Amino acid sequence: MTIRPIPLRTLVSAIGLSIAIVTAVTVPVAYFAIGYSSVARVLDFKADLDARQVSKYIYAHEELWQFQQVRLIDILHLANGEENEVNKRVVDSAGKIVVDERHPLAAPLIERSRPIVVRDEIAGRVELRASLQPLLAETTIVGGLSILLGMGVFFAVRVFPLRVLDQTLGTLLRTNQRFDAALNNMSQGLIMIDKHQRILVCNDRLIELYRLTPDAVKPGSTLDDVLQFRAARDGLPGDLDRLRNTIRLQLGSGAASTFILETTDGRQISVNNRPMPNGAWVSTHEDISERRAAQAEISHMALHDALTNLPNRRYFQQRLEQHFDRRERDQKFAVLCFDLDRFKSVNDTLGHQFGDKLLLQMSDRVRECLRDGDMLARLGGDEFAILQDSINPLTDTSALAARLNEVISAPFDLDGRQAVVGVSIGIAVAPTDATDSHELLKNADLALYRAKADGRGTYRFFEPEMDALMQSRRRLELDLRNALASNQLELYYQPLVNLETDRVCGFEALLRWKHPEHGLIEPLDFIPLAEETALIVPIGEWVLRTACHEASSWPNDIGVAVNVSAAQFKNQNLALVVTSALARSGLSPRRLELEITESMLLANTQTTLATLHQIRALGVRISMDDFGTGYSSLSYLRSFPFDKIKIDRSFVHNVSSDEDSKAIIRAVTGLGASLGMITTGEGVETQEDLDYLRREGCAEAQGYFFSRPQPASEIPRMLGMRAEKPKAVA
Ligand code: C2E
Ligand code: MG
Ligand code: MG
């Protein structure tokens with residue numbers, strides 16, 4: 001779209017030049033003509049006057065007037081006064097010059113003559129002539145001025161308007177170029193049509209968008225031409241006539257409209273039509289395929305898990321809500337929440353990439369168990385959920401749970417490495433167990449919690465009591481957070497008796513919680529909760545400090561044993577905590593003993609062993625507690641040089657009447673002796689228990705037979721105790 005100023009410039013130039021030339025020529029020519037006629041008139045008049053005077057004179061002096069030259073000259077002078085510019089002469093009828101007053105005049109000259117009529121006869125002639133030079137000189141001056149005027153006119157008519165025109169056109173041109181640049185660099189295609197659907201403007205982007213040619217959309221072509229061009233080249237997304245109709249209807253409505261157009265190559269173009277005041281239309285076209293794809297990708301990502309591509313918690317929750325909203329009468333559906341048992345150890349031992357592989361394989365296996373309409377989602381980590389549609393909970397859901405257990409418990413082959421995990425499943429059924437999606441998911445979670453507590457590898461349906469239990473657990477957790485700060489925790493001590501000397505050689509510190517409402521709470525009722533909530537870290541630290549502080553006031557040969565949880569090892573500064581507790585109390589490290597259980601070695605082996613070695617390097621002794629209750633006790637004994645093995649009380653009590661226990665105790669004491677570890681029998685309640693342990697070579701014993709755990713204030717009394725004379729303590 002370009003405006004061409006050249007013809008206009010030529011026109012203006014031609015007009016300007018013509019006017020200037022006409023001005024420069026006409027004025028002097030006119031001036032000369034007017035001047036000439038005026039001189040001629042004056043000469044005519046003078047000649048007339050002179051002829052009359054001379055005629056009068058001749059009338060009076062008829063004869064010999066030709067010889068009265070002096071008189072005639074007077075008459076001529078009298079008539080016109082002294083004139084140098086005009087020459088006069090009088091000629092008689094015979095053509096003889098009577099008076100000649102002529103003197104030389106500068107050429108060019110103008111001449112006039114008049115007859116001298118006397119009594120109706122021509123007696124002669126008066127001839128006058130004058131120089132035209134003054135007139136020519138004036139005309140020259142006027143001509144010069146006219147040229148100046150012509151130049152002025154030329155400037156006024158050509159140069160000035162063209163300059164203004166140039167400026168205006170320049171501005172217009174620049175504006176137009178900017179407009180062009182803006183138009184052609186738009187990310188949107190733009191087309192402007194008049195009320196007859198003729199194209200007024202169309203930018204490059206539109207040409208590119210519909211794979212047109214500049215010729216197909218040149219100003220003047222119609223929308224229909226463009227449609228036909230497209231139909232011929234790429235084909236149209238629909239029928240040509242139908243498209244024409246749609247366009248006609250839309251433009252006919254006179255209202256702005258927006259719609260999405262699909263091209264034959266599958267792109268989506270957003271079209272926006274806007275009417276203009278004079279019946280014209282502006283239509284913008286934007287390829288939104290990528291944006292839509294990105295949006296779809298983003299919304300997919302927002303609702304799916306990146307690893308398994310399964311729906312995530314948010315999506316699952318949405319689907320649940322929809323299910324509640326659209327549920328038909330009597331229609332039931334179930335949520336099965338499940339997580340993997342021992343998945344953490346797969347991650348820890350094989351690495352996360354194998355953990356990821358396992359999750360992928362597992363989701364494939366689970367998907368195979370589902371029916372159309374069911375949904376599997378990953379809620380996070382190793383936590384999954386299934387929405388089971390339209391069910392009979394007792395048959396369908398139990399069957400699915402059993403099947404899940406079966407497929408998930410089967411070994412996984414992770415690039416040649418085998419891994420086995422289990423699954424715990426919690427089930428809640430709508431609408432019986434919940435009235436909304438959140439409650440349903442929460443209750444399935446509670447059931448899962450119960451399934452795990454009941455020994456994993458199993459499934460549990462939600463029961464309302466679970467909720468009550470969970471509530472009380474939550475209250476307990478809140479209370480426990482408060483317990484440390486409110487001094488509700490206390491250490492009890494249970495003596496450890498040396499079976500060689502029959503004297504108390506140390507005490508095990510055992511935690512008690514004096515709850516303001518519930519009274520004394522045993523550790524087994526709150527330590528697991530403290531471990532789950534990581535409250536065990538500050539509590540364990542307090543236990544260590546308090547036990548060390550207490551023990552520092554005891555006789556030098558009496559040691560103190562402190563129980564340490566696995567959760568405390570996750571917090572890697574346990575060695576520092578031990579060092580600081582020893583330093584503060586001034587207790588010798590060799591009087592401190594830490595009791596750990598096998599479960600600790602099960603989790604996070606490398607770091608745990610490193611920390612144990614650090615602590616042992618301080619001189620602190622390490623005991624294996626509750627030995628015999630774990631999984632593969634013997635290998636754990638090899639993994640760390642324990643100072644002591646504490647045989648679990650389940651083997652010790654009533655050992656004399658249980659052959660299996662006898663065998664185990666014998667084996668462990670033998671093992672301890674050969675590995676250079678002391679063995680301690682826990683749970684000695686009777687003389688028989690004690691006797692048996694003594695016979696088998698146990699070095700130490702602990703149990704109600706000697707004393708129940710007692711507050712610190714009882715320590716002096718317990719120190720006086722002997723193995724053979726147990727004091728009954730309430
Ligand atoms: P444990 O370390 O094996 O402690 C011995 C448990 O056996 C104590 O129970 C003790 O009262 C009980 N016991 C001792 N002799 C007998 C007996 O002759 N017969 C019977 N039936 N039981 C006996 P308690 O105090 O209830 O502690 C239970 C467990 O709680 C402890 O087992 C220990 O694992 C844990 N625990 C206690 N205090 C702490 C602590 O401060 N930190 C940590 N992490 N765990 C602790
Ligand atoms: Mg213990
Ligand atoms: Mg024990």
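The values are calculated or read from the model by the stated rules, or taken from the named source; none is laboratory data. From a predicted model like this one, the values you see are computed outputs, not experimental measurements. As a convention, Cβ positions derive from the backbone with ideal geometry for all residues, glycine included, and neighbour counts pool all protein chains shown. When the accessible area is computed, the model is the full protein with side chains, heavy atoms only, and any ligands, DNA or RNA have been set aside. Shrake-Rupley method; radii C 1.70, N 1.55, O 1.52, S 1.80 Å.
Kindly sort I386, I141 by accessible area of their heavy atoms, largest first, with the probe set to 1.4 Å.
Result of the area sort, largest leading: I141, I386.
I'd like to check one number: the per residue accessible area of segment 304-462, probe 1.4 Å, reported in Å² as a whole number.
Details: 7420 Å² over 159 residues.
Accessible area per residue: 47 Å².
For the chain, which whole percent of the accessible surface, found with a 1.4 angstrom probe, sits on carbon and sulfur atoms?
54
Once amide H atoms are placed 1.01 Å from N in the peptide plane, what residues at a sequence separation of 5 or more from I391, or on another chain, have their amide H within under 5 Å of its amide H?
When sequence neighbours closer than 5 places are left aside, the close amide H contacts are K332, F333.
So what's the net charge close to C337: Lys and Arg +1, Asp and Glu -1, counting the other residues with Cβ under 10 Å from its Cβ?
Working: positive: K442; negative: D339, E383, D445.
Surrounding charge for C337 is -2.
Can you give me the relative contact order of segment 189-291 as a percent, contacts being Cα pairs under 8 Å and 6 or more apart?
Values: 167 pairs, mean separation 27.5, N = 103.
Averaging sequence separation for qualifying contacts and normalising by length gives 27 percent for segment 189-291.
Could you give the angle, 0 to 90 degrees to the nearest 10, between helix 536-551's Cα long axis and the longest principal axis of the Cα atoms of the chain?
Long axis of 536-551 versus the principal axis of the chain: about 40 degrees.
Once you sort the root eigenvalues of the Cα gyration tensor of segment 304-462 as a ≥ b ≥ c, which label holds: rounded (a/c under 1.5), prolate (a/b larger than b/c) or oblate (the other case)?
Prolate is the answer for segment 304-462, as a/c is 1.5 or above and a/b outweighs b/c.
So with the 1.4 Å probe, I'd like the accessible area per residue for segment 475-719, rounded to whole Å².
Spelled out: the 1.4 Å probe surface of segment 475-719, per residue, equals 44 Å².
Tell me, in nm to one decimal, what length is gained between Q687 and D467 on full extension, where the rule is 0.36 nm per residue of separation less the Cα-Cα distance?
Working: separation 220, 0.36 × 220 = 79.20 nm, distance 4.57 nm.
Fully extending the segment from Q687 to D467 adds 74.6 nm.
Among DSSP beta bridges whose residues both lie in segment 475-719, state the antiparallel percentage, nearest 5.
45
How high is the relative contact order of the chain, in percent, with contacts defined as C-alpha pairs under 8 Å that are six or more residues apart?
Averaging sequence separation for qualifying contacts and normalising by length gives 7 percent for the chain.
Whole angstrom only: what separates the Cα centroid of segment 623-673 from the Cα centroid of segment 78-143?
Each part reduced to its Cα centre gives a spacing of 168 Å.
Using only the alpha-carbon atoms of the chain as identical scatterers, what base-10 log of I(q)/I(0) does the Debye formula give at q = 0.06, 0.07, 0.09, 0.10 Å⁻¹?
With no solvent term, the Cα-only Debye profile gives -0.70, -0.80, -0.98, -1.10.
What angle, in degrees between 0 and 90 and rounded to the nearest 10, separates the Cα long axis of helix 133-154 from the longest principal axis of the Cα atoms of the chain?
So the helix axis and the longest Cα principal axis differ by about 20 degrees.
Heavy-atom accessible area of H438 with all protein chains present, probe 1.4 Å, nearest 10 Å²?
110
State the volume of the convex hull built on the alpha-carbon positions of segment 8-135, expressed per residue in Å³ and rounded to an integer.
Cα convex hull per residue, to the nearest whole number: 121 Å³.
Can you spot the lysines whose alpha carbon is less than 28 Å from K662's alpha carbon? Ignore those fewer than 8 places along the same chain.
Partners within reach: K644, K646, K725, K727.
Which of the residue pairs K344/K442; K344/K570; K344/K452 have a Cα-Cα distance greater than 19 Å in the structure shown?
K344/K442
What aspartates and glutamates sit close enough to K195 to cross-link, taking a C-alpha to C-alpha distance under 16 Å and skipping anything fewer than 8 places away on the same chain?
List returned: D224, D225.
Please give the contour-minus-distance gain from R694 to E111: 0.36 nm per residue of separation, less the Cα-Cα distance, rounded to one decimal in nm.
192.2 nm
Give me the 1.4 Å probe accessible area per residue for segment 189-291, excluding ligands and nucleic acids, in Å².
On the way: 5580 Å² over 103 residues.
Ligands and nucleic acids excluded, the result is 54 Å² per residue.
Work out the FRET efficiency for L8 and H77 from their Cβ-Cβ distance, taking R0 = 41 Å, and round it to the nearest 0.05.
0.05
No solvent, one uniform scatterer per C-alpha: report log10 I(q)/I(0) for segment 475-719 via the Debye equation at q = 0.12, 0.17 1/Å, two decimals.
-0.68, -1.39
Please give the net charge around K570, taking every other residue with its beta carbon less than 14 angstrom from that of K570, where Lys and Arg add +1 and Asp and Glu add -1.
Residues near K570 contribute -3 overall.
Suppose a student asked you for the relative contact order of segment 8-135, using Cα pairs under 8 Å spaced at least 6 residues apart; what percent would you report? Kindly include the intermediate steps, with their values, before the conclusion.
Values: 165 pairs, mean separation 34.7, N = 128.
Averaging sequence separation for qualifying contacts and normalising by length gives 27 percent for segment 8-135.
Mind checking the angle between helix 523-532 and the chain's longest principal axis? C-alpha axes, 0 to 90 degrees, to the nearest 10.
Once rounded, the angle reads 20 degrees.
May I ask what percent, to the nearest 5, of DSSP beta bridges between residues of the chain are antiparallel?
Of all bridge pairs located within the chain, approximately 75 percent are antiparallel.
Straight distance only, please: which aspartates and glutamates reach the Cα of K46 with their own Cα at less than 19 Å, same-chain residues fewer than 8 apart left out?
Within reach: D74, E82, E83, E85, D92, D100, E101, E111, E127.
Label I97 and E490 with points 7 Å out from Cα along Cα→Cβ: what is the distance between them in nm?
So the two model labels end up 17.1 nm from each other.
Across 5 Å bins from 0, what is the distribution of all Cα-Cα pair distances for segment 131-174, in whole percents?
7, 20, 14, 12, 11, 10, 8, 7, 5, 4, 3, 1, 0
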